[in-house]
Structures are given as C-alpha cells and as structure tokens.
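Heads up, the thing below is written out as structure tokens.
The values are calculated or read from the model by the stated rules, or taken from the named source; none is laboratory data. Every value quoted in this text rests on a predicted model; they were computed, and no experiment measured them. All Cβ positions, even for glycine, are placed from backbone atoms using ideal geometry, and neighbour counts span all protein chains on display.
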Amino acid sequence: MTRRPGLSARLRLTISYAGFLLLAGALLLAVVWVFLLRYVPDGTLMIEPWGGRPGAPSPRLIPNRTDLQRAFVPRAAQALAFLLTFGLLGGWILAGRMLAPLTQITDAVRTAGNGSLSHRIRMKGRQDEFRELSDAFDSMLEQLESHVAEQRRFAANASHELRTPLAISRTLLDVARQDPTRNRDELIERLRTVNQRAIGLTEALLLLSRGDRGNFTREGVDLSLLAEEAAETLLPLAERRRITLDVTGGAAPADGSAELLLRMVTNLVQNAIVHNLPAGGTVTVHTEAHDDTSVLRVENTGHRLPPELVPTLTEPFRRGTERVRTGEHAGVGLGLAIVHSIVRAHDGTLDLVPRPDGGLLVTVRLPGAPTAETGPASSASRSTRPGEGRLRDGRRRPGRCGGARS
C-alpha cells in the first residue's frame, strides 16, 4: 500500500516530550508570576533608618515589580530555551530507546513477508506491551510455519496418492496394448478397482476441504442414531473380519450437519474395525450426553501404538498400522484427518488415547443441542449385547450391530 510520507513516530514522540516539558516550565514560571511578582508593588520603594537619628545610614532602595521583571524575564526565557533543547534531545534519545523493540518487530515482519517463517524475534527483557506483542507474533509465526508445512506435506502426499492409481492404470493399458491376447475381463476389473480408489480418494479430499471450510447447514442430530446407522452399514465388514461390534449408550443430541457427522462416525467405526486384531477383536461405540456436551466414544482392540505416533494420526495420509488396500473399504489415509476436520468445524474436541493392552480409544465431544424427540431409538438405555443390535426405529433384529463371534 502506498501512503503519503509523514513524520516518524520517533519524531512525533520527541516533539510531544519537548512540548510537554516546555509547557510544564511555562506553567511553573506562570505560577511564580501569579503568586509572587504580582504582589510586589511598583514605584520607588525605600527603607528609612529607624528613628531618623543623626548619623544613621542613608535610606536603602528595594527592587520593585519592574526591576524584578527586568531581571526575571530574560532568565525565564533562557530557562524555557534550555527546557526546549533538553526536551528535544532527551525526547529523541528516549523515543529511540522505547521504539527499538518495535523496530525489531518490524524487521521480523518484513522477513516473514519475504517467505522466511522460521525467523523468530525472541525479544529479551521483562514482560511489557512490546514483549507481549513479540511473543504473540512468534506464536503466530510458529502456527503459520506448522500450517504451511502441513499443507505442503498434504499437497505432496495427495499428489503422490493421486498419481499412484493413474500410474497403475497407464501400466495396465500399456500391458494390454503390448499383449492383445491378455484377458480383457481381468483388465477391466483391475482398471475398475483402480478407478474406484481414485474416485474415493478424490471424494475424501473434497470432504476434507468441505469440513475445513465449515460451510454447511446446522440441524439437530442424535449421535446415537448415527452410531447405529454406521454400525448397520459396517456390520458386514466386521463379520468378515470376525470383529464384535457393539453400540451402547443413550441419546446424544448435537447441532450440526447430519451428513458430515455420519461420515465422522462411519470413519471412526471403520477405522476401528480395519485396524484391529486379525480375529476375535472388539469395537465398542458408546454415546452419552453430559450437561451441554454430547460425547461419542469409539474403542477397539488391536496392536499397541507408540505414544509418539498417536498425535500424528489425524494428519492426512497417516496410518497407524499397515496400509489396507483390499476390498470395498480400502484405506487412503484420510479417515482420522476427515474426522478431525469435521469435529473442528463443529466446535468440538477430538481425543485419541492408546489403550494399554493395544488398540485406541477415540473420544469426540460436541456442543449439545436441546433434547428433542427423535423416536424410541433415543431412549436412555441403549445397551446392545453381542450378536443383537438395534435399528433406528427402536426394534431389535438378531445378528445386527452385535457383530460376529466366530
């Protein structure tokens, strides 16, 4: 932005200091005039000797008001000139010392504006307004650097993930062109699988972007119903992997997008099923409401996770265990990243805690919504036994949501 040139802050402060000092001196001199000189009579003033005796000393003259003014005014003008000079010089030095931290902050801002986000001010000294501004700016730079680094990793990983299915498709087509006798049905099926993965990755990226923007319509949603719907959808996957899937708890009303929150619950349950024991594992989905907070917990068994790995699981394209590519629910490494984005867009919190015996406990807390009638399925007691589940209309049907124990 182009601005007209003006006086610097240092010069303005210097003029202000000198002006205040000059004004204080003038007020002091005015006080001397008002309360002292004005009461001195004018004219010739003499003191005669006592008694008028012969040989007494001659009368003495006393300075009158005019005499005092002649002696006082030049000295007062000299004092004001000294105060003005001292104020300008001292104000310039003092303003420079006070504005030195601001100069340091300005240099750091220019450095950051040139693309160097790793620069920090780290201003020394006791806490004051400038140090507080410096610390806030350093904290902002740290967050920006982390965000930019995360975006760069995301762009690099997304490019790699999108390039992989395209490269596979090109390889399959090259092989088919070089070998016309190759089974065409097998080629079409493999191309379809690769294409599905590319479409799934693209949809996941779009959903992640939508969650980050927070551009959605809010409505009353019961997390318990979403948990049941997600369990219904993923029950075949749990049965194939011989995982017991339980849905328990009570109504948990929240305010948000039903579509995004359903995707959040589905991702958590799917992640808990996929990253589990080879057989005989469990997944427990629990919902409850506490005061103004609705809570969703998804707990699963599985391999032990290193504590230092857990904070990185919500980053895009991060996986806690081996990559899963087979079947309908092939992973692309965006499941927990999407969950984190949706939770953040709904002003909630996401906590990941590794279980001592292996597996993960994921807790989602969302701002609650006024309790509304959502049907029999939102009753206070919603415990589901293994092998028996509950549908959205409140009816029970054997073999649903309870998973398989085999």
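For the criterion of being in contact with a helix residue (DSSP H, G or I) (Cβ under 9 Å, 6 or more places away or on another chain), modelled with pLDDT of 90 or more and under 19 Å from Thr314 (Cα atoms), Val269 passes.
If you check Asp357, Asp351 for being at pLDDT 75 or above and over 24 Å from Gly250 (Cα atoms), only one passes: Asp357.
I'm checking my understanding of the structure. Among residues of region 98-139 that are in contact with a helix residue (DSSP H, G or I) (Cβ under 7 Å, 6 or more places away or on another chain) and small (Gly, Ala, Ser), which one is surrounded by the most Cβ atoms within 10 Å (Cβ to Cβ)?
Step one: list which residues in region 98-139 are in contact with a helix residue (DSSP H, G or I) (Cβ under 7 Å, 6 or more places away or on another chain), which gives 99, 101-102, 105, 108, 112, 117-123, 125, 130, 133-134, 137.
The next check asks that each one be small (Gly, Ala, Ser); those that pass are 108, 112, 118, 125, 134.
Values: Ala108: 20, Ala112: 19, Ser118: 10, Gly125: 9, Ser134: 22.
Only one residue fits best here, namely Ser134.
Once region 322-348 is narrowed to residues that are in a loop (DSSP other than H, G, I, E, B) and within 21 Å of the chain's Cα centre (by Cα), the residue that is modelled with the highest pLDDT is Gly348. The residues on offer are Ala204, Ala227, and the sole one that is touching a residue at least 24 places away in the same chain (Cβ under 8 Å), touching a strand residue (DSSP E or B) at 6+ places or on another chain (Cβ under 9 Å) and surrounded by 16 or more Cβ atoms within 10 Å (Cβ to Cβ) is Ala227.
Within region 71-109, track down each residue that is within 15 Å of Val32 (Cβ to Cβ) and charged (D, E, K, R).
Within region 71-109, Arg75 is the sole residue that qualifies.
The set of residues from region 269-319 being closer than 30 Å to Ala155 by Cβ and among the polar types (S, T, N, Q) comprises Gln270, Asn271, Thr312, Thr314.
Going through region 1-19 one residue at a time, which ones are in contact with a Gly (Cβ under 8 Å, 6 or more places away or on another chain) and either among the aliphatic types (A, V, I, L, M) or surrounded by 14 or more Cβ atoms within 10 Å (Cβ to Cβ) (or both)?
Once the filter is applied, which keeps residues that are in contact with a Gly (Cβ under 8 Å, 6 or more places away or on another chain) and either among the aliphatic types (A, V, I, L, M) or surrounded by 14 or more Cβ atoms within 10 Å (Cβ to Cβ) (or both), region 1-19 yields Arg10, Leu13, Thr14, Ile15, Tyr17, Ala18, Gly19.
The set of residues from region 106-124 being closer than 16 Å to Gln143 by Cβ, outside any loop (DSSP other than H, G, I, E, B) and not small (Gly, Ala, Ser) comprises just one member, Val109.
Condition check ((1) under 23 Å from the mean Cα position of the chain (by Cα); (2) surrounded by 11 or more Cβ atoms within 10 Å (Cβ to Cβ); (3) within 19 Å of Arg197 (Cβ to Cβ); (4) among the polar types (S, T, N, Q)) across all residues:
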position	(1), (2), (3), (4)
Leu141	yes, yes, no, no
Val148	yes, yes, no, no
Arg152	yes, no, no, no
Pro165	no, yes, yes, no
Leu172	no, yes, yes, no
Gln178	no, no, no, yes
Thr181	no, no, no, yes
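Pairs meeting the criteria (first residue in region 173-191 and of a type outside the set (S, T, N, Q), second residue not in a helix (DSSP H, G or I), beta carbons under 7 Å, at least 6 apart or on different chains) are Val175/Arg182; Ala176/Arg182.
Any residue that is surrounded by fewer than 11 Cβ atoms within 10 Å (Cβ to Cβ), basic (Lys, Arg) and farther than 29 Å from Ala9 by Cβ - is there at least one of those in region 66-75? Taking every residue of region 66-75 in turn, at least one turns out to be surrounded by fewer than 11 Cβ atoms within 10 Å (Cβ to Cβ), basic (Lys, Arg) and farther than 29 Å from Ala9 by Cβ.
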